[in-house]
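Shown next, in structure tokens, is the structure this report addresses.
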Amino acid sequence: MTDSKSSFATAYNNLNKEQKLAVDTIDGPLLVLAGPGTGKTQLLSARVANILRKTDIAPSNILCLTFTESGAANMRRRLREFIGEASYEVTISTYHSFGSDIIKSHSEYFQQIGLDRTDDVRLERAIDELAQIRIVEEILGKLPFDSLLLSARYFVKDVVSTISDLKKNLITPQALYELGTNNLRQIDSAQIVIDEVINQVGGISRKKDQWPSQYATLLERLSTLSGSLVEQAAGELKLAFDEYEESSSSTPLTKWKNAWLHKDDKDKFTLTKRATSEKMVDLSSVYESYEQALRVEASYDFDDMILRAIDGVKNSDELRFNLQERYQYILLDEFQDTNLAQFELVKRIADHPVHEGRPNVMAVGDDDQAIFAFQGANVGNIQDFLESFSDVVVINLVSNYRSHRDVLHVAQNIASQISGRLHTK
């Protein structure tokens, strides 16, 4: 243990001011903004060691979640240098492995709330992607010939991926159905306005000097309608119109038209492409059939490892209280990649009244990776952390130990253009 203490002291002394502050900020919610090469793994491991040094909790009371098995292994290796064999008592896991472990280790709770097949001697089992594809292929093969998703039979993996995305965003089959049908109702109500303002006068005027009044009327009429889809359309039209008035350029209005107005088979404008919302309704049926197939086979998929764990924690007070008692300190790595379902599980475990909205949760994320939003990164996750807890301490790691300064300079210029960026200047 002497060597571990010495290793920690050496590592701590080598930390910069911001890193030391993050290591020493033990209690309450903490958000650390840290880009590549800023010593995140060393920081996380040092903070775990410091928690054990300064509190009377056991290593088993600490939970560290990351995204890859290699990341978890690297974190444990670093932590072993600081606390020795006790590092194996700290729960260091990927989100999905953690969810799966909750289901397997506390199966009695899931049977009690009906999340397991109590009439079957088998516990629920995880299925792989091949099994998912098989189930979805069977469902798509039974679709009627007038289904808008008939061609999806040739893109089964895309359907599986879409269902996965829905689950990650906590969207159930019923919620998807309601979204699609609500959109269709809003499209119908907006059609009356679009017909009167645009279609019945021959469409969008070719004379740019007539555009302002036409779009102003459209904005005024759309703003009287309710519903998330039409409200979003009106909100974006308002922004486009304001930009037009500031610049006298019609480009913002043209961009809005291209994004929101669609020509139907009668050469009339409609609000969005109606078939998109109709496909949502059809997909909700496929999604529900997929969920039913999993129930019949007493199985759950990769995303269900998180969703079933959430259901268990939500519906069993005993399970929730015991998990909250065990995991008194939670550390989250690569938080910008966290999806809604993963963070929901964390919040339910951390949300004990004794914390009064300030649980001991630390998240380390890089808001600059919002530039890779097409790969799934989303700065909104970090914003959600700030809104989920009270009096969040925010620390910005600015020193980079990996990249050349010229590379950092270019990256900084690009990142500074990201909307919603949280880094302080």
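The values are calculated or read from the model by the stated rules, or taken from the named source; none is laboratory data. Being a predicted model, the structure only gives us computed values, none of them experimental. In this analysis, Cβ positions are derived from the backbone assuming ideal geometry, glycine residues included, and neighbour counts consider all displayed protein chains. Only protein heavy atoms, including side chains, enter the accessible area calculation; ligands, DNA and RNA are left aside. Shrake-Rupley method; radii C 1.70, N 1.55, O 1.52, S 1.80 Å.
Taking Cα centroids, how far is segment 14-37 from segment 298-317 in Å?
32 Å
Under the √(5λ) rule applied to the eigenvalues of the Cα gyration tensor, what semi-axes describe the equivalent ellipsoid of segment 165-208? Give them in Å, descending.
Each semi-axis is the square root of five times an eigenvalue, giving 35, 13, 5 Å.
Could you calculate the contour length gain from Asn13 to Ala259, that is, 0.36 nm times the residue separation minus the distance between their Cα atoms, to one decimal place in nm?
Numbers: separation 246, 0.36 × 246 = 88.56 nm, distance 5.43 nm.
So the extension gain works out to 83.1 nm.
Given the whole protein assembly as supplied and a 1.4 Å probe, what does the accessible area of Ile102 come to in Å², nearest 10?
10 Å²
How big is Rg to Rh over segment 120-273, alpha-carbon atoms, Rh as the Kirkwood inverse-mean-distance radius?
1.13
Ignoring everything but the protein chains, give the 1.4 Å probe accessible area of Ser6 in square angstrom, nearest 10.
For Ser6, the solvent-accessible surface is approximately 60 Å².
With a ≥ b ≥ c taken as the square roots of the eigenvalues of the C-alpha gyration tensor of segment 226-374, please select rounded if a/c is under 1.5 and otherwise prolate if a/b is larger than b/c or oblate if it is not?
oblate
When only the heavy atoms of the protein chains count and the probe is 1.4 Å, how do Val296, Val281 rank by accessible area, highest first?
Result, largest first: Val296, Val281.
Could you give the accessible area per residue of segment 239-339, probe 1.4 Å, as a whole number in Å²?
Accessible surface, normalised per residue, equals 47 Å².
Residues with beta-carbon under 14 Å from that of Arg221, excluding Arg221: net charge, scoring Lys, Arg +1 and Asp, Glu -1?
-3
If Lys and Arg each add +1 and Asp and Glu each add -1, what is the summed charge of the other residues whose beta carbon sits under 15 Å from the beta carbon of Leu21?
Values: positive: Lys17, Lys20, Lys40, Arg47, Lys54; negative: Glu18, Asp24, Asp27.
So the environment of Leu21 carries a net charge of +2.
By its C-alpha gyration tensor, with a ≥ b ≥ c as the square roots of the eigenvalues, how is segment 301-346 shaped: rounded for a/c under 1.5, else prolate for a/b larger than b/c, else oblate? Before the final figure, lay out the partial values.
Working: a/c = 2.74, a/b = 1.21, b/c = 2.26.
It is oblate, given that a/c is not under 1.5 and a/b is not larger than b/c.
What is the sum of charges, Lys and Arg at +1 and Asp and Glu at -1, for the other residues whose Cβ falls under 12 Å from the Cβ of Lys255?
That works out to -1.
On average, how much accessible surface per residue is there in segment 1-100, in Å², for a 1.4 Å probe, leaving out ligands, DNA and RNA?
41 Å²
Dividing the alpha-carbon Rg of segment 209-276 by 2.2 N^0.38 Å yields what? Please report the intermediate quantities before stating the final value.
Details: Rg = 12.1 Å, N = 68, 2.2 N^0.38 = 10.9 Å.
For segment 209-276, the normalised Cα radius of gyration is 1.11.
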